[in-house]
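Chemist: Would you mind keeping the following structure in view while I ask a few things?
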Amino acid sequence: MIALEGISKTYPKSTTPAVQELDLQVPEGSISMFIGPSGCGKTTTLKMMNRLIEPTTGRILLDGDDVTDVNADELRRRIGYVIQQVGLFPHFTIGDNIAVVPKILGWDRNRIAARVDELLHLVGLEPKDYRDRYPRQLSGGQQQRVGVARGLAADPSVMLMDEPVGAIDPITRERIQDEFLELQQIAKTICFVTHDLTEAVKLGDRIAVFGPGGTLQQYDTPDMILTHPANEFVAEFVGAGAAVRRLSLLELSRLELQPVDLDGTAASNGSPTYEADAQGRPVRWAYLPGTADLPKLVTVPRTGTVYDAVDVMLDSQTELVGVVDEQQKLQGALWWRDLVEGLTTKAGS
Ligand SMILES: Nc1ncnc2c1ncn2[C@@H]1O[C@H](COP(=O)(O)OP(=O)(O)OP(=O)(O)O)[C@@H](O)[C@H]1O
Ligand SMILES: [Mg+2]
């Protein structure tokens, strides 16, 4: 766990603090997202966590140890850092850039080579094409991905990431985001700066909303930030899209589905029936209670969220969506009206 206690920073020659009286705890294995307007102290806070910047007052605890005074080099090996400006070494190849920390740690060559390839693969850069190139031969977004790989290289227990996926296309971005969620399952503690509230809601166990003068306005779960903003500033920052953003927090697995039957099977109890292909995957609706007008059968995975279900419904202009498991077998159906109802009854719980 990382704990900041009464941390403040006033830069030399500056009259106003960049960070003020910050108390913040990031529990082990969780992701905290830092968000807030430009210049409100997010980067300064991250840099104090790994002591690239010394706080003016306050102390920092890592797993209960006060690290305000430990050797900073030692500390940084336990903490991976992805900086806001990428900062690759221009005269190192991509592979050598990623290998910096493992080399310092004295890993053997084979282990380093395997790790470099594994990470390049992870961030969507084919190792054999990119390993031996130099940073100037990569696009800005590709360099940023190398920055992410470098931060992860030595498998640190704590990761600090300053807008690591800013200039990356949505698909790669989503893959990296999903990877972060997996990382977190192996108990990595992550602080992650973003300007994207959707990303904060998706990835964060908690969101820290920073305000003017480096003050922490609210530190809470995404759901609480969206539904119970602590003050006017947070409410305005979260903005009008809050209700829609909450849709992505509610997993379909938490909703009760309407039972469905395979067409032609005995149970004809008035529930919807569908036709399936040879593999048992749903193809079309065969019967829906109360309507002769059968919509196209569209599906979402059970692992998805209400946001995904609404997206599919709007996209296909149907009020009904089938929910499928990993084998593409139909588990049940969701109606638009039930979704809305489910939202009002389940979303707060
Ligand atoms: N090295 C420095 N010397 C003096 N002032 C600094 C220094 N670095 C940052 N500041 C100031 O401290 C404040 C906080 O900066 P910081 O970089 O932490 O903001 P940020 O929240 O990360 O912003 P952004 O979203 O634009 O990255 C700003 O007013 C900035 O001008
Ligand atoms: Mg910053």
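Chemist: Choose one answer from Q142, Q84, Q317: the residue with the largest mean-square fluctuation in a GNM of the chain with alpha-carbon springs under 10 Å.
Modeler: Largest GNM mean-square fluctuation: Q317.
Chemist: Here is a further query. Using a Gaussian network model of the chain with C-alpha springs under 10 Å, which one of T299, T15, T43 is most mobile by mean-square fluctuation?
Modeler: Evaluated over the chain, the most mobile residue of the options is T15.
Chemist: I need the shape label for the stretch 116-173. Rule: rounded when a/c is under 1.5, else prolate if a/b > b/c, else oblate, with a, b, c from the alpha carbon gyration tensor.
Modeler: It comes out oblate by the Cα gyration axes.
Chemist: Let me ask something additional. Based solely on its DSSP helices, what 222 nm [θ] is calculated for the chain when runs of n ≥ 4 H residues each add -39,500 (n - 2.57) and the sum is averaged over all residues, nearest 500 deg cm²/dmol?
Modeler: Counting only the DSSP helices, I get -9500 deg cm²/dmol.
Chemist: Ranked from highest to lowest mean number of other Cβ atoms within 10 Å per residue, what is the order of the peptides 73-82, 151-160?
Modeler: 151-160, 73-82
Chemist: Relative to the compact-globule scaling 2.2 N^0.38 Å, provide the ratio for the alpha-carbon radius of gyration of the chain. Mind showing how you got there, number by number?
Modeler: Numbers: Rg = 24.0 Å, N = 349, 2.2 N^0.38 = 20.4 Å.
So the chain has a normalised radius of gyration of 1.18.
Chemist: Further question on the same structure: For a footprinting-style exposure proxy, rank E256, E5 by other Cβ within 10 Å, fewest first.
Modeler: E256, E5
Chemist: Along Cα→Cβ, 7 Å out, is where each label goes; now give me the distance between the ones at D277 and D315 in nm to one decimal.
Modeler: Each label point is offset 7 Å from its Cα along the Cβ direction, giving 1.8 nm.
Chemist: Using a Förster distance of 41 angstrom, determine the FRET efficiency expected from the C-beta separation of E118 and A242, and round it to 0.05.
Modeler: Details: r = 38 Å, r/R0 = 0.93.
In this case the efficiency is close to 0.60.
Chemist: Please tell me the relative contact order of the stretch 252-346 in percent, rounded to the nearest whole number, where contacts are Cα pairs under 8 Å and at least six residues apart.
Modeler: Value for the stretch 252-346: 25 percent.
Chemist: Let me ask you something else. How much length is gained if the chain between Q85 and Q137 is pulled fully straight, taking 0.36 nm per residue apart and subtracting their Cα-Cα distance, in nm to one decimal? Show your work: numbers first, answer last.
Modeler: Values: separation 52, 0.36 × 52 = 18.72 nm, distance 1.67 nm.
Gain on stretching Q85 to Q137: 17.0 nm.
Chemist: List the trypsin sites (Lys or Arg not before Pro) within the stretch 254-296 that fall in a DSSP loop (any state other than H, G, I, E or B) and whose Cβ has at most 15 other Cβ atoms within 10 Å.
Modeler: When the trypsin sites (Lys or Arg not before Pro) of the stretch 254-296 are filtered for loop state and at most 15 Cβ neighbours within 10 Å, K296 remain.
Chemist: Explain nothing, just the number: relative contact order of the chain, from Cα pairs under 8 Å at least 6 residues apart, as a whole percent.
Modeler: Working: 650 pairs, mean separation 55.7, N = 349.
Computed value for the chain: 16 percent relative contact order.
Chemist: If you don't mind, there's one more thing I want to ask. Considering amide H positions built from the backbone, and no H for Pro or chain starts, which residues 5 or more places from F34, or on another chain, come under 5 Å of its amide H?
Modeler: F192, V193, T194, A208
Chemist: With 10 angstrom as the radius, rank F210, F89 by how many other C-beta atoms surround their C-beta, starting from the fewest.
Modeler: Listed from fewest to most nearby Cβ atoms, that is F89, F210.
Chemist: Using the Karplus equation 6.51 cos²θ - 1.76 cosθ + 1.60 (θ = phi - 60°), what ³J(HN,Hα) coupling, rounded to whole Hz, does each residue of the stretch 22-33 give in order, writing x for Gly and Pro?
Modeler: 8, 10, 7, 10, 10, x, 4, x, 10, 10, 10, 9
Chemist: Would you mind checking the tilt of helix 109-122 against the longest principal axis of the Cα atoms of the chain, expressed as 0 to 90 degrees and rounded to 10?
Modeler: That works out to roughly 50 degrees.
Chemist: Whose amide H sits under 5 Å from the amide H of T305, counting only residues 5 or more places off or on another chain, with H placed in the peptide plane?
Modeler: Here the answer is L252, since their amide H atoms fall under 5 Å of that of T305.
Chemist: Which of the residue pairs K47/K188; K202/K329; K103/K202; K188/K329 have a Cα-Cα distance greater than 23 Å in the structure shown? Working shown, then result.
Modeler: Working: K47/K188 18 Å; K202/K329 26 Å; K103/K202 34 Å; K188/K329 34 Å.
Flagged as over cut-off: K202/K329; K103/K202; K188/K329.
Chemist: Taking the 0 to 90 degree range and rounding to the nearest ten, how far is the long axis of helix 140-152 tilted relative to the main principal axis of the chain, both from C-alpha atoms?
Modeler: Around 80 degrees separate the two axes.
Chemist: Shifting gears a bit: Give the angle, between 0 and 90 degrees and rounded to the nearest 10, that separates the Cα long axis of helix 170-185 from the longest principal axis of the Cα atoms of the chain.
Modeler: Roughly 80 degrees, rounded to the nearest 10.
Chemist: Please find, in a Gaussian network model of the chain (springs between Cα atoms separated by less than 10 Å), the residue of V244, V201, V116 whose mean-square fluctuation is greatest.
Modeler: Residue with maximal mean-square fluctuation among V244, V201, V116: V244.
Chemist: For T10, what residues show an amide H to amide H distance below 5 Å, using hydrogens built from the backbone and excluding near sequence neighbours?
Modeler: For T10, the qualifying residues are A18, T56.
Throughout, read-outs are computed from the coordinates displayed, never taken from laboratory work. Source: prediction; values computed, not measured. All Cβ positions, glycine included, derive from the backbone under ideal geometry; neighbour counts span all protein chains shown.
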